[in-house]
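Nothing in this text is a laboratory measurement; each read-out follows from the coordinates by a stated rule. Only a predicted model underlies this, so the values are computations on that prediction, with no experimental measurement involved. Using ideal geometry, Cβ is built from the backbone for each residue, glycine included, and neighbour counts are taken over all protein chains shown.
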Amino acid sequence: MKKVLIITTEPHPKNISLFQELTKYNKFEFQVFFVSGKAVGNWNYYSPIPIPYKCISAITIPIRFSTHSFKYYINPTILFDIIKINPDVIIMFGWDLFAYHIAFLYSKLFRKRSILWVGSTADDRTILRRLSQPFTKKIVKGSDAIIVYGTKAKQYVIELGANPDKVLIGINTLDIDLFLTKMIILKKKRRELRIKYHLPNKYTFIYVGQLIPRKGLDVLLRAFKNLDSESILLIIGDGSLRNFLEEKIGKEKLINVFLLGPVARDLLPEIYALSDVLILPSYQEVWGLVINEAMASGLAVIASDKVGAVPDLLKKDRNGFVFSSGNSRSLRNIMRFCINNPKILEKMGEQNMVDISKYTPGYLAQVFMDAINYIINL
């Protein structure tokens, strides 16, 4: 039986769903290394990890820039841990950590097959990306296969030197059934849900995500400020800008903006069900899984042109709208159109449920298996 080692940082809802689907392919033995050193992610979500895993001890180095922060992990034992497993195939869920670099070098030294799974696009201009690009190019060129989140990511890895024949698109997704199956019932309870969350019965825009600078929340508030008083804006999430947003909402008397904080994943379908349109106004966004969630919840979507999911999931006049990142006037005009044309937006939401239904964790697992079978037969 072939051994497949997956290396990633920590559990994420989308990865747990993917792992569950991969267990159905019993001709392979899967195992996961979590290089953050922990098996519990920073999410309002927990589910048992369905395949064998090991938490690799790590030295954590917090790195902060003006608009971006992340944790860099150094795993002193990672090479020995990989050698002990002796995998036939290594799948790296990224290219910018110490463990990924060691895993790639191991695959070359011991003539093992490697797969890279990435979503970064040319819009990712962080200092870390520039500093790591020389080695990133080596991983891109040297991997036996690359799975990318979507069209933008494919263009980027080819720009970095990837052989187009080795690049597979696996539309980034998560367990959308959680939303699809609940919406039929929840949509009928919109009034009850508004009472539950103490919200007025008005046309509802929603933002879901981290409250950090690159998400474009400043643009969103400027766009919403002068809109019709018959609409409301819900902001779901937490982050470094939370106190700033609370102060701004109070200072500018934005009485129709509701900062609800983080919401547990199993309650998110309720929030989507009482909403009408999702807005993702990011300055830089690798993908934007909240778009998948909103589509599965029957919402139309507004997103900036810097969101990675846009070329693959949003089609103008079919299921959503795209505006130039940072352009609050353009965003405001789109939001006003939504308020004035609720029936059109309702049809867009219905179309979204159809369009997103094919992008399940099972679909993504099949892409992974296509890549594994491809490189094994090289």
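Brief remarks follow.
- Relative intensity of the chain on a log10 scale, I(q)/I(0) at q = 0.12 Å⁻¹, equals -0.93, per a Debye sum over C-alpha point scatterers of equal strength in the absence of solvent.
- Of M353, M92, the sequence from fewest to most neighbouring Cβ atoms within 10 angstrom is M353, M92.
- Rounded to whole numbers, the Karplus 3J(HN,Hα) couplings from phi for segment 21-29 are 6, 5, 5, 6, 9, 7, 7, 10, 9 Hz, using 6.51 cos²θ - 1.76 cosθ + 1.60 with θ = phi - 60°, and x at Gly and Pro.
- Among L18, L364, L109: highest mean-square fluctuation, GNM of the chain, C-alpha pairs under 10 Å: L109
- Calculated [θ] (222 nm, deg cm²/dmol) that DSSP helices of n ≥ 4 give over the chain, each run adding -39,500 (n - 2.57): -12000 deg cm²/dmol
- Using θ = phi - 60° and Karplus 6.51 cos²θ - 1.76 cosθ + 1.60, couplings along segment 359-373 (whole Hz; Gly, Pro as x): 9, 9, x, x, 4, 5, 4, 5, 4, 4, 5, 4, 5, 4, 5
- Segment 177-356 - charge dipole about Cα centre, Lys and Arg +1 at Cβ, Asp and Glu -1, debye rounded to 20: 460
- From the largest down, segment 68-156 spans 38, 26, 19 angstrom on the principal axes of its Cα atoms.
- Couplings 3J(HN,Hα) for segment 290-296, derived from phi with the Karplus relation 6.51 cos²θ - 1.76 cosθ + 1.60 (θ = phi - 60°), are 4, 5, 4, 4, 5, 4, 5 Hz, where x marks Gly and Pro.
- In the chain, Cα pairs under 8 Å separated by at least six residues give a relative contact order of 15 percent.
- Ordered by the count of other Cβ atoms within 10 Å of each Cβ, fewest first, S132, S57, S229, S275 give S229, S57, S132, S275.
- Point-charge dipole on Cβ atoms (K/R +1, D/E -1) for the chain, about Cα centre, debye to 20: 320
- Counting beta carbons within 10 Å around each of R64, R214, R242 and listing the fewest first gives the order R64, R214, R242.
- Fluctuation leader among N352, N333, N15 - the chain, Gaussian network, Cα springs under 10 angstrom: N333
- Residue among P134, P11, P87 with the largest mean-square fluctuation in a Gaussian network model of the chain, springs linking Cα atoms under 10 Å: P134
- C-alpha long axis of helix 177-186 to longest principal axis of the chain, angle in °: 20
- log₁₀ of I(q)/I(0) at q = 0.12, 0.14, 0.27, 0.29 Å⁻¹ - segment 183-235, Debye sum with one point per alpha carbon: -0.36, -0.48, -1.08, -1.14
- Segment 177-356, relative contact order in percent, only Cα pairs under 8 angstrom and at least six apart counted: 24
- Per residue, the convex hull volume that the Cα atoms of segment 177-356 enclose (Å³): 104
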